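What follows is a short report on a single structure.
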Amino acid sequence: MYLVVIAWLYVVLMMAVAEATNSNGTVLGAIITFLLYGLLPMGIVVYILGTPARKRALRAREAAEQAAYDAEQAALRGAAAASTAPDAGSEAPAAAEPPGIAPVRKEP
């Protein structure tokens, strides 16, 4: 893609040089020729042809951000699950029981 852009800019540069060195041409005309026939159209072409690459880069950045967010959330869930896990006796943690009420059990 860039080879075509470079070739076209070379052709337009030669057109501008011919405009500037012609007996009834001007340097201002050469500058306008280079800008309007060269830089402006090639800037638009490069922008349009570069759109798929920009979209891929955007999707890759969003996927990386989502993966980092998911890893952070998994780490937070793992830490929260470890702190509120029931004890080995299969009883609820003390924080889950209302304060001041004793547990009621059957008499043996």
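Bear in mind these aren't lab numbers, they're just calculated from the coordinates by the rules spelled out. Small disclaimer: the values here were computed from a predicted structure and weren't measured. Every residue, glycine among them, receives a Cβ derived from its backbone with ideal geometry; neighbour counts consider all protein chains shown.
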| message | Please go through the stretch 6-61 and give me each residue that is of a type in the set (Gly, Ala, Ser) and under 31 Å from the mean Cα position of the chain (by Cα), ordered by number. | response | 38, 43, 50, 53, 57, 60
| Could you say whether any residue in the stretch 11-28 is surrounded by 11 or more Cβ atoms within 10 Å (Cβ to Cβ) and charged (D, E, K, R)? | yes
